[in-house]
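The values are calculated or read from the model by the stated rules, or taken from the named source; none is laboratory data. Note that the structure is a prediction, hence the values are computed from the model and not measured. Every residue, glycine among them, receives a Cβ derived from its backbone with ideal geometry; neighbour counts consider all protein chains shown. Ligands, DNA and RNA are excluded from the accessible area calculation, which covers all protein heavy atoms including side chains. Shrake-Rupley method; radii C 1.70, N 1.55, O 1.52, S 1.80 Å.
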Amino acid sequence: MQQMTRVAGVLLAAHGAGTLLVDPLRQRARRMQAHGFAPGLPHAVLVPLLELAAGTAMTRTGAPALFGAAAATALGAVRTGADLDDRTRTAGTVAAAGLTAVGAGAVITATRGRARSGFLVVIGAVVAFELVRRRRVLHAT
């Protein structure tokens, strides 16, 4: 499981870095806004940075790996939930679902019983907040 978590971390960090370097910011911001993440600019900047930070942290051990796995789980779950809500299933949806599973497994493994439920509740709250906020933004426009 630890090797899979490291590989997922490297891939997530590479995706975040690649997005920052290759994808123009204005296009990314418009896409994020069109998908209900308004305003689009903060999400267009912060999501790839969070991917980069979470992916890098997942390759470590201890607390950084735990927080990186929690962030990766939330990122993957929000993307999966948004795609399912939009009824747009792509290879990115499958990758996000895989990231969610690997991240959740890493959180469960890293906590070893202590504070496990707390971490999972916080991750669930973040995901629910983002998806509900996104839905409200989409219905308001």
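Only Cα sites of region 44-99 enter the Debye sum here, all with the same form factor; the resulting log10 I(q)/I(0) across q = 0.13, 0.15, 0.31 1/Å is -0.33, -0.44, -1.13, listed in q order. For the chain, the mean residue ellipticity at 222 nm estimated from helices alone is -29500 deg cm²/dmol, where every DSSP H run of n ≥ 4 contributes -39500 (n - 2.57) and the total is divided by all residues, rounded to the nearest 500. Legend: calculated FRET efficiency, residue 30 to residue 135, from the Cβ-Cβ distance at R0 = 25 Å, rounded to 0.05, equals 0.80. In order along region 92-100, the phi-based Karplus estimate (6.51 cos²θ - 1.76 cosθ + 1.60, θ = phi - 60°) of 3J(HN,Hα) comes to x, 5, 5, 5, 5, 5, x, 4, 4 Hz; Gly and Pro are listed as x. Taking trypsin sites (Lys or Arg not before Pro) across region 16-86, the ones in a DSSP loop with at most 14 further Cβ atoms lying within 10 angstrom of their Cβ are 60. Accessible area per residue for the chain, computed on protein heavy atoms with a 1.4 Å probe, is 57 Å². For residue 41 and residue 120, the FRET efficiency from 1/(1 + (r/R0)^6), where r spans their Cβ atoms and R0 equals 41 Å, is about 0.85. Helix 63-86 and the long axis of the chain differ in direction by around 40°, with both axes built from C-alpha atoms. Note on the chain: with neighbouring protein chains present and a 1.4 Å probe, carbon and sulfur make up 69 percent of its accessible heavy-atom surface. The Cα-based radius of gyration and maximum Cα-Cα distance (Dmax) for region 8-119 are 14.2, 44 Å.
Take every Cα pair under 8 Å in the chain that's 6+ residues apart, average their separations, divide by the length, and report that relative contact order as a whole percent. RCO, the chain: 26 percent.
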